[in-house]
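Written below as structure tokens is the structure these notes are about.
The values are calculated or read from the model by the stated rules, or taken from the named source; none is laboratory data. The structure displayed is predicted, hence computed values, not measured ones. Please note: Cβ atoms are built from the backbone with ideal geometry, for glycine as well, and neighbour counts cover all protein chains shown. For the accessible areas, the whole protein counts, side chains as well, though only heavy atoms, and no ligand, DNA or RNA atoms are used. Shrake-Rupley method; radii C 1.70, N 1.55, O 1.52, S 1.80 Å.
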Amino acid sequence: MNFKAFLPILFWAVASAYENQARQAQDPIAAKGASINNIPFSTRAYWMRRANAALADLASPCPFAAFGTVIVNHTDTSGGEFGKLVCIGINENGKVGNPVLHGEIAAINNCSSILTDASGPYNLSASEALDAFADLSIYTNGESCPMCASAIRWAGFREYIYGTTIDTLIEQGWGQIRISSTEVFRQSFDLSTQSRLIGPILANETDPLFAWQFNPAAPCPVGCARGEMGVCEKA
Ligand SMILES: *[C@@H]1O[C@H](CO)[C@@H](O)[C@H](O)[C@H]1NC(C)=O
Ligand SMILES: *[C@@H]1O[C@H](CO)[C@@H](O)[C@H](O)[C@H]1NC(C)=O
Ligand SMILES: *[C@@H]1O[C@H](CO)[C@@H](O)[C@H](O)[C@H]1NC(C)=O
Ligand SMILES: *[C@@H]1O[C@H](CO)[C@@H](O)[C@H](O)[C@H]1NC(C)=O
Ligand SMILES: [Zn+2]
């Protein structure tokens, strides 16, 4: 190979090294080792990985709509130092034919039924369940769309933590409504609750879940390989 032919490859290698660096740098919370609300990055990473794992729990490690959510009580350490998992959810649009069942909405619905289940561990009344969300943190592996970000503010979660940004989803070819969670939160000041917005967190591990769907050259998420139709499937 002569040098001229090699140049574009060299250029690509340098460009992707820079891009990788930029992506890592976008996790400033990890870089600074910041503890937010007394919760260290390692605990944040644990729950964001759990949100990714919800995909395999409820569907596969690489569903097309790879949006996974977990809802956690950080002050309940009865089950361990990381806090207690209350419920999980993933995008179920395709499964049940309901266009609003994004991962966050599915998880909120799931938590409501778990919290109010008379034979479950909580057995809360409806109004107690509404108040309970103020104790809880929602982890979602993709920045919420404005519908879900609004639902998160209506619920009054204590914290909302996301992985992959809407900007990255758009870069990867996803159709998105271009209103950031920051903007939805900024416009929610009339509500009686406060929610802390934390993100992006662990985007280096959430981004690959959303990279393959519109880009045949992108690798499949761990545990998956391209099938006959070129779609990533559980290996
Ligand atoms: C992703 O980044 C975090 C810190 O920002 C690091 O702890 C983690 O090991 C990284 N994950 C991978 C798969 O490299
Ligand atoms: C969260 O944990 C705290 C401390 O154990 C507890 O008082 C509170 O009721 C819990 N809330 C929910 C919804 O689990
Ligand atoms: C609801 O959350 C529970 C607890 O994490 C989980 O076992 C269950 O599969 C979830 N149900 C749905 C429909 O996602
Ligand atoms: C759930 O709470 C209701 C109202 O407090 C109570 O009547 C019922 O016995 C509880 N269910 C169980 C299984 O304890
Ligand atoms: Zn949504």
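With under 14 Å from the mean Cα position of the chain (by Cα) and either assigned to a loop (DSSP other than H, G, I, E, B) or within 16 Å of ligand 2 (Cβ to nearest atom) (or both) as the only criterion, which of S113, S60, S144 stands out?
Numbers: S113 fails: under 14 Å from the mean Cα position of the chain (by Cα); S60 fails: under 14 Å from the mean Cα position of the chain (by Cα).
When all the criteria are applied, what remains is S144.
Starting from segment 132-157, keep only residues that are free of Cβ contacts under 8 Å to residues at least 40 places away in the same chain and among the hydroxyl-bearing types (S, T, Y), then list their pairs with residues that are within 12 Å of ligand 2 (Cβ to nearest atom) and open to solvent by 10 Å² or more (accessible area, probe 1.4 Å) whose Cβ atoms are within a distance under 7 Å, requiring at least 6 positions of separation or different chains.
Hits for this filter: zero, empty list.
Would you check which residues across segment 63-94 are away from ligand 5 (no atom under 16 Å from the Cβ), on the phi < 0 side of the Ramachandran plot and in a loop (DSSP other than H, G, I, E, B) and list them?
Correct list: H74, T75, D76, T77, S78, G79, E81, F82.
Of the residues that sit in segment 129-155 and are more than 17 Å from C87 (Cα to Cα) and either of a type in the set (D, E) or open to solvent by less than 50 Å² (accessible area, probe 1.4 Å) (or both), which one is farthest from ligand 5 (Cβ to nearest atom)?
Within segment 129-155, the first condition is being more than 17 Å from C87 (Cα to Cα), and the residues that meet it are 142-147, 149-150, 153-154.
With the extra rule that they be either of a type in the set (D, E) or open to solvent by less than 50 Å² (accessible area, probe 1.4 Å) (or both), the set shrinks to 142-146, 149-150, 153.
On the way: G142: 8, E143: 9, S144: 5, C145: 3, P146: 8, A149: 8, S150: 9, R153: 13 Å.
Selected residue: R153.
Kindly indicate whether any position in segment 42-65 is more than 22 Å from W212 (Cβ to Cβ), open to solvent by 20 Å² or more (accessible area, probe 1.4 Å) and either in contact with a strand residue (DSSP E or B) (Cβ under 9 Å, 6 or more places away or on another chain) or of a type outside the set (K, R) (or both). It would help to see each step written out before you state the result.
Keep residues of segment 42-65 that are more than 22 Å from W212 (Cβ to Cβ), which gives 42-47.
Next cut, open to solvent by 20 Å² or more (accessible area, probe 1.4 Å) only: 42, 46.
If we keep only those that are either in contact with a strand residue (DSSP E or B) (Cβ under 9 Å, 6 or more places away or on another chain) or of a type outside the set (K, R) (or both) as well, we get 42, 46.
Yes, there is a match, as at least one residue in segment 42-65 is more than 22 Å from W212 (Cβ to Cβ), open to solvent by 20 Å² or more (accessible area, probe 1.4 Å) and either in contact with a strand residue (DSSP E or B) (Cβ under 9 Å, 6 or more places away or on another chain) or of a type outside the set (K, R) (or both).
Taking only pairs six or more apart or across chains, which ones have beta-carbon atoms under 9 Å, a first residue in segment 211-222 that is touching a residue at least 12 places away in the same chain (Cβ under 8 Å), and a second residue that is open to solvent by 90 Å² or more (accessible area, probe 1.4 Å) and in a loop (DSSP other than H, G, I, E, B)?
That search, which allows pairs on different chains as well, returns A211/P219; W212/P219; Q213/F64; C220/A235.
Does segment 83-105 hold any residues that are of a type in the set (A, V, I, L, M) and either touching a His at 6+ places or on another chain (Cβ under 7 Å) or more than 13 Å from ligand 3 (Cβ to nearest atom) (or both), and which are they? Spell out how you get there, then give the answer.
Filtering segment 83-105 down to residues of a type in the set (A, V, I, L, M) leaves 85-86, 88, 90, 96, 100-101, 105.
Correct list: V100 only.
Taking segment 30-57 as the region of interest, how many residues are part of a helix (DSSP H, G or I), away from ligand 5 (no atom under 16 Å from the Cβ) and small (G, A, S)?
Of all residues in segment 30-57, those part of a helix (DSSP H, G or I) come to 30-32, 41-57.
Next, from what is left, pick out any that are away from ligand 5 (no atom under 16 Å from the Cβ): 30-32, 41-50, 52-53, 56-57.
Then drop every residue that is not small (G, A, S), which leaves 30-31, 42, 45, 53, 56.
Qualifying residue count, segment 30-57: 6.
In segment 76-92, what count of residues is obtained for those that are among the small types (G, A, S), within 10 Å of ligand 2 (Cβ to nearest atom) and open to solvent by less than 40 Å² (accessible area, probe 1.4 Å)?
Residues flagged as among the small types (G, A, S), within 10 Å of ligand 2 (Cβ to nearest atom) and open to solvent by less than 40 Å² (accessible area, probe 1.4 Å) within segment 76-92 amount to 1.
Determine whether segment 121-128 contains at least one residue that is modelled with pLDDT of 95 or more, touching a Phe, Trp or Tyr at 6+ places or on another chain (Cβ under 9 Å) and either open to solvent by less than 80 Å² (accessible area, probe 1.4 Å) or more than 16 Å from ligand 4 (Cβ to nearest atom) (or both).
Let us first name the residues in segment 121-128 that are modelled with pLDDT of 95 or more, namely 121-128.
Checking the rest, the ones that are also touching a Phe, Trp or Tyr at 6+ places or on another chain (Cβ under 9 Å) come to 128.
Checking which are either open to solvent by less than 80 Å² (accessible area, probe 1.4 Å) or more than 16 Å from ligand 4 (Cβ to nearest atom) (or both) leaves us with none.
No, segment 121-128 has no match at all.
Could you please let me know if T164 is β-branched (V, I, T), under 16 Å from N52 (Cα atoms), open to solvent by less than 20 Å² (accessible area, probe 1.4 Å) and modelled with pLDDT of 95 or more? Can you show your working first?
Details: β-branched (V, I, T): yes; under 16 Å from N52 (Cα atoms): yes; open to solvent by less than 20 Å² (accessible area, probe 1.4 Å): yes; modelled with pLDDT of 95 or more: yes.
The answer is yes for T164.
Can you find even one residue in segment 95-102 that is open to solvent by less than 10 Å² (accessible area, probe 1.4 Å) and either in a strand (DSSP E or B) or away from ligand 2 (no atom under 16 Å from the Cβ) (or both)? Break it down stepwise before answering.
Let us first name the residues in segment 95-102 that are open to solvent by less than 10 Å² (accessible area, probe 1.4 Å), namely none.
The answer is no; no qualifying residue exists.
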